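The block underneath contains the structure these notes are about, expressed in structure tokens.
The values are calculated or read from the model by the stated rules, or taken from the named source; none is laboratory data. Note that the structure is a prediction, hence the values are computed from the model and not measured. Here Cβ is always computed from backbone atoms with ideal geometry, including for glycine, and neighbour counts include all displayed protein chains. Heads up: the accessible areas ignore ligands, DNA and RNA and are worked out on the full protein's heavy atoms, side chains in. Shrake-Rupley method; radii C 1.70, N 1.55, O 1.52, S 1.80 Å.
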Amino acid sequence: MNSIRSKLIRRFVVKSSMRKLCDPFTTSLEEMRDKHIDVNRRLKLPSDANLKSVEDEEFRAEWLRAESITENTENVILYFHSGAFCLGYSNAHRYLALELSRACNARVLAVDYRLAPEYKFPAANEDCLAAYRWLLKNNVKPQNIVMGGDSAGAGLALMTLLTLKETEKPMPRAAFFLSLFGGDLKNFDGESYKTRKSYDPLNSKEGIQYFAKSYLGEQVLEPSIDKNLEGLPDLLVQVGSDDILLSDSVRLAEQARRAGVKVIFDEWEGMWHAFQGFSMIVPEAKAAISNIAEFINSKVNA
């Protein structure tokens, strides 16, 4: 049974407020961005937060670590943020990154990738790939890197892994995908578009298609979740049961297992898309992040 707090947040924050704000047919992207900035500006980061901008010609990023984590800590989480490819990096993403840093004894490199529709595919993909290559150039070993993201960031993580596979570059030790968006930006045929339509308090199929087109324009991108995933590192796929995109996470896990990849599939009953972002107030989200930390620690701190 879901906590009372999660039920209240779902009803009065996600469904009553966020759904309208994230509906591209009633709210302009400019308004979305302004509100997104305003809300996240008021979100206070933990007192032990340590932030440092990365200066590079190919991409923008930020190092984050809890105060207890040294600047030379070997383990690194390469994190790609949510925002439907269109909304920017914010304190909400920093909060999640710092929780992972603290729980995993790791530094986090969060990529502030270029946004759609101003920068269309493959701009964000190029930024994410550049960040990974930058880590390798700066002597971070692949076996000490875990790659992952939430929502569109999870989609970018999957696409980055597939590019590394195609170019025969070394893979990170593991990867995590939270509330995957971007696994299929072409067909939108998952059964959860129908079965979760009335349950999802945040997204609609039409909205998902709108944001996909904002990033792709007239380009066509074959679904990442239907590609041969053989050779990918160990994966954690985490999703809420009421997410309209649930099927994409299920398909990713099934396809990866068929390819011989080790997969943990972690479904959370009654939770919505990108619920992990509410870890500061929703117990289920806090517990879900503990599961992410357990997975990461089992790979790089074993």
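Annotation for region 124-140: at least one member residue is in contact with a helix residue (DSSP H, G or I) (Cβ under 7 Å, 6 or more places away or on another chain), crowded, with 24+ Cβ neighbours inside 10 Å and among the aromatic types (Phe, Trp, Tyr). State which residue is farthest from the chain's Cα centre (by Cα) when the search covers only region 213-224 and only residues that are touching a residue at least 60 places away in the same chain (Cβ under 8 Å) and either at positive phi or surrounded by 18 or more Cβ atoms within 10 Å (Cβ to Cβ) (or both). Per the stated criteria, the residue is GLY217. The condition of being under 23 Å from GLY240 (Cα atoms) and aliphatic (A, V, I, L, M) holds for only one of ILE37, ILE69, ILE77, that being ILE77.
Which one is surrounded by the fewest Cβ atoms within 10 Å (Cβ to Cβ), of the residues in region 55-77 that are closer than 14 Å to ARG133 by Cα and hydrophobic (A, V, I, L, M, F, W, C)? Quick ask: steps written out before the conclusion?
Going through region 55-77, the residues closer than 14 Å to ARG133 by Cα turn out to be 56-61, 76-77.
Cutting the leftovers down to hydrophobic (A, V, I, L, M, F, W, C) gives us 59, 61, 76-77.
On the way: PHE59: 20, ALA61: 26, VAL76: 25, ILE77: 27.
This residue is PHE59.
Of the numbered criteria (1) surrounded by fewer than 21 Cβ atoms within 10 Å (Cβ to Cβ); (2) of a type in the set (S, T, N, Q); (3) assigned to a helix (DSSP H, G or I), the one THR160 fails is (1). Among the residues making up region 257-301, those that are closer than 22 Å to ILE244 by Cβ, outside any helix (DSSP H, G or I) and open to solvent by 30 Å² or more (accessible area, probe 1.4 Å) are PHE265, GLU267, TRP268, GLU269.
Output the residue which, of all residues in region 97-119 that are open to solvent by 10 Å² or more (accessible area, probe 1.4 Å) and in contact (Cβ under 8 Å) with a residue 60 or more places away in the chain, is farthest from LEU51 (Cα to Cα). Spell out the reasoning first.
Filtering region 97-119 for residues open to solvent by 10 Å² or more (accessible area, probe 1.4 Å) gives 99, 102-103, 105, 107, 112, 114-115, 117-119.
Now narrow it down to the ones that are in contact (Cβ under 8 Å) with a residue 60 or more places away in the chain: 99, 103, 105, 117.
Numbers: GLU99: 13, ALA103: 17, ASN105: 15, PRO117: 28 Å.
Among those that are open to solvent by 10 Å² or more (accessible area, probe 1.4 Å) and in contact (Cβ under 8 Å) with a residue 60 or more places away in the chain, it is PRO117.
Can you tell me how many residues within region 261-274 are touching a Leu at 6+ places or on another chain (Cβ under 9 Å) and either more than 25 Å from ARG173 (Cα to Cα) or not basic (Lys, Arg) (or both)? Here the count works out to 9.
The residues of region 21-54 that are closer than 19 Å to LEU202 by Cα, surrounded by 15 or more Cβ atoms within 10 Å (Cβ to Cβ) and aliphatic (A, V, I, L, M), listed by number, are LEU29, MET32, VAL39. Within region 225-256, being open to solvent by 10 Å² or more (accessible area, probe 1.4 Å), of a type in the set (Gly, Ala, Ser) and assigned to a helix (DSSP H, G or I) holds for one residue alone: SER247. The residues in region 1-54 that are acidic (Asp, Glu) and closer than 30 Å to ARG133 by Cα can be counted, and the count is 1.
When every residue of region 188-201 is checked against the conditions, none turns out to be more than 18 Å from PHE265 (Cα to Cα), touching a Pro at 6+ places or on another chain (Cβ under 9 Å), open to solvent by 20 Å² or more (accessible area, probe 1.4 Å) and not acidic (Asp, Glu). Annotation note: of SER214, SER247, SER224, the sole residue that is among the polar types (S, T, N, Q), in contact with a helix residue (DSSP H, G or I) (Cβ under 6 Å, 6 or more places away or on another chain) and more than 26 Å from PRO142 (Cβ to Cβ) is SER247. Tallying residues that are under 15 Å from SER279 (Cβ atoms) and among the aliphatic types (A, V, I, L, M) within region 78-109 yields 7.
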